[in-house]
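The values are calculated or read from the model by the stated rules, or taken from the named source; none is laboratory data. What you see is a predicted model, and the numbers here were worked out from it, not measured in a lab. We place every Cβ from the backbone using ideal geometry, glycine too, and count neighbours over all the protein chains shown. Quick note on the areas: whole protein, heavy atoms, side chains included, nothing else; ligands and nucleic acids left out. Shrake-Rupley method; radii C 1.70, N 1.55, O 1.52, S 1.80 Å.
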Amino acid sequence: MKALFLTFQHILPCDGISKKIVAQSKALKYNGLDIELARFDRDESDRLIYKIGDRTIETYGKGIVAKIKKRCLFGKLVKYISDNDIRFVYVRYIHFANPFFVDLFRRIRKNGAVIFLELPTYPYDSEYKNLSLRSLVPVYTERLCRRSLTKYVDRIVTFSAHDRIWNRPTVRISNGVDMDEIPVRCASPKNSAALNLLGVAGLMLWHGFDRMIEGLHEYYRTPQPVKVVFNIVGGKPDSEIVRKLKDRTQKYGLQEFVVFHGEMSGSALDDLFDRNDVAIGSLGCHRIDNVNVRPLKNREYAARGIPFVHAVNDSDFADKPYALKFPADESFVDIRRIVDFYYSNSFDSEEIRKSVGETLSWRTQMRIVKKELMSLTQ
């Protein structure tokens, strides 16, 4: 079956979401679909373009004109789907619903294609708090249009426990990992006097790394036998979240204990995992009223073979001895609990990885999607 993995974002080498999209597309291909990946890109003249595989099917140009066109110009995309007999379209949804996208979905369905819409997070309305009036316009447009859009959707793919969303049946899966792309770490021997913590994230409100800094502030109020250092990877240097984290670190005089590495990937990131002992997952999902989630980061940490801490209700790790859960609230993270967790357990990287290798690989999770698709088309 010819298929299209439809995204409306750029695929970037250091971006975790981009890696997830590529891995999902690869897993659908592994499961027997003849699938191509569609995404935004830039040409040699820095013009915004839309590509499917290696082919450019639309050129939007530059500036404000390009920003407008990319949200309403879909004729060539529909033609590509029709001309290439695309029978299945898997869409990653990033809250883009507007009248033009509704019409796009209508035209895709009119061509006879089955549409699955993936919601990376649900519910998500609480993500949009304290926005300016100008920023609220697309938010309310999306809320007005999303049910009209999903009238043309056969299934909604969700990482939540919902059976139906917006009156459409769901396909429930977990976030997964591409085991081929994530190496198991070579853990350093335990050092009784030093504990290294590592948080890798795009640094958004829901990652809650400020709770770690508050915890370190509390921890170092008195002399401690174990030096704990928190290494933070990710986030744009000029972003508001990074600035606030750095300001808080400086305010408490924790520059020796909180290290900002910026964006990292490849062997440099692999080496950093080897030198760290415990990873830090999402600690602030309660801020967007969504603690019943299955974060991709937890799975990536487990695939690396590193124990981790988090503050979500992730059913896949509820009974795992290498996952330490903290309350989903605004309390500081008790660093002493992490110290005790690490030194009172023996963690084997290979065993941690093995615990997710089959059930939480993208090949396994996208097999669920393929099975549902076959039930609709056979």
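Can you tell me which residue is surrounded by the most Cβ atoms within 10 Å (Cβ to Cβ) among those in segment 51-88 that are under 16 Å from A3 (Cβ atoms) and of a type in the set (F, W, Y)?
F88
Among the residues of segment 245-269, write down those that are among the charged types (D, E, K, R), outside any helix (DSSP H, G or I) and surrounded by 15 or more Cβ atoms within 10 Å (Cβ to Cβ).
Filtering segment 245-269 down to residues among the charged types (D, E, K, R) leaves 246-248, 251, 256, 263.
Of the ones still in play, those that are also outside any helix (DSSP H, G or I) are 256, 263.
Selection gives E263 alone.
Would you confirm whether any residue within segment 12-26 is over 22 Å from the mean Cα position of the chain (by Cα), of a type outside the set (G, A, S) and open to solvent by 40 Å² or more (accessible area, probe 1.4 Å)?
Step one: of segment 12-26, the residues over 22 Å from the mean Cα position of the chain (by Cα) are none.
Checked against the condition, which is being over 22 Å from the mean Cα position of the chain (by Cα), of a type outside the set (G, A, S) and open to solvent by 40 Å² or more (accessible area, probe 1.4 Å), segment 12-26 yields no hits at all.
For segment 338-358, which positions are under 21 Å from K297 (Cα atoms) and free of Cβ contacts under 8 Å to residues at least 60 places away in the same chain?
Of everything in segment 338-358, those that are under 21 Å from K297 (Cα atoms) and free of Cβ contacts under 8 Å to residues at least 60 places away in the same chain turn out to be D348, E351, I352, K354, S355, E358.
Residue check: is K70 more than 23 Å from V157 (Cα to Cα), touching a residue at least 24 places away in the same chain (Cβ under 8 Å) and under 26 Å from the mean Cα position of the chain (by Cα)? Walk me through it before giving the result.
On the way: more than 23 Å from V157 (Cα to Cα): yes; touching a residue at least 24 places away in the same chain (Cβ under 8 Å): yes; under 26 Å from the mean Cα position of the chain (by Cα): yes.
In short, yes.
Restricting attention to segment 366-378, which residues are open to solvent by 10 Å² or more (accessible area, probe 1.4 Å) and not small (G, A, S)? Break it down into steps so the answer makes sense when it comes.
As a first pass, look at segment 366-378 and keep what is open to solvent by 10 Å² or more (accessible area, probe 1.4 Å): 367-368, 370-372, 374-378.
R367, I368, K370, K371, E372, M374, L376, T377, Q378 - these are the residues of segment 366-378 that are open to solvent by 10 Å² or more (accessible area, probe 1.4 Å) and not small (G, A, S).
Within segment 270-279, work out how many residues are surrounded by fewer than 15 Cβ atoms within 10 Å (Cβ to Cβ) and part of a loop (DSSP other than H, G, I, E, B).
1
State yes or no: is V242 assigned to a loop (DSSP other than H, G, I, E, B) and within 27 Å of D314 (Cβ to Cβ)?
Numbers: assigned to a loop (DSSP other than H, G, I, E, B): no; within 27 Å of D314 (Cβ to Cβ): yes.
So V242 fails the test.
For residues that are among the hydroxyl-bearing types (S, T, Y) and part of a loop (DSSP other than H, G, I, E, B), scanning just segment 343-378, find the one that is nearest to Q24 (Cα to Cα). Spell out how you get there, then give the answer.
Residues of segment 343-378 that are among the hydroxyl-bearing types (S, T, Y), as a first pass: 343-344, 346, 349, 355, 359, 361, 364, 375, 377.
Subsequent filtering for residues that are part of a loop (DSSP other than H, G, I, E, B) retains 344, 346, 359.
On the way: S344: 37, S346: 33, T359: 15 Å.
Among them, the one singled out is T359.
Could you count how many residues in segment 28-50 are in contact with a strand residue (DSSP E or B) (Cβ under 8 Å, 6 or more places away or on another chain), surrounded by 16 or more Cβ atoms within 10 Å (Cβ to Cβ) and not in a strand (DSSP E or B)? Give the derivation first.
Taking segment 28-50 first, the residues in contact with a strand residue (DSSP E or B) (Cβ under 8 Å, 6 or more places away or on another chain) are 28-29, 33-43, 47-50.
Pick out the ones that are also surrounded by 16 or more Cβ atoms within 10 Å (Cβ to Cβ) and you get 28-29, 33, 35-40, 48-50.
Those still in the list that are not in a strand (DSSP E or B) too: 28-29, 33.
Summing the residues that are in contact with a strand residue (DSSP E or B) (Cβ under 8 Å, 6 or more places away or on another chain), surrounded by 16 or more Cβ atoms within 10 Å (Cβ to Cβ) and not in a strand (DSSP E or B) in segment 28-50 gives 3.
Counting only residues that are modelled with pLDDT under 95 and not in a loop (DSSP other than H, G, I, E, B), which one in segment 111-137 is surrounded by the most Cβ atoms within 10 Å (Cβ to Cβ)?
Across segment 111-137, the extreme among qualifying residues is E127.
Scan A302, A318 and give me the residue that is more than 25 Å from H217 (Cβ to Cβ), surrounded by fewer than 16 Cβ atoms within 10 Å (Cβ to Cβ) and of a type in the set (A, V, I, L, M). Please lay out each step first, then the result.
Working: A302 fails: surrounded by fewer than 16 Cβ atoms within 10 Å (Cβ to Cβ).
Within the list A302, A318, the selection yields A318.
Exactly one condition in (1) closer than 21 Å to Q24 by Cβ; (2) in contact with a strand residue (DSSP E or B) (Cβ under 7 Å, 6 or more places away or on another chain) is false for I335; which is it?
It is condition (1) that I335 fails.
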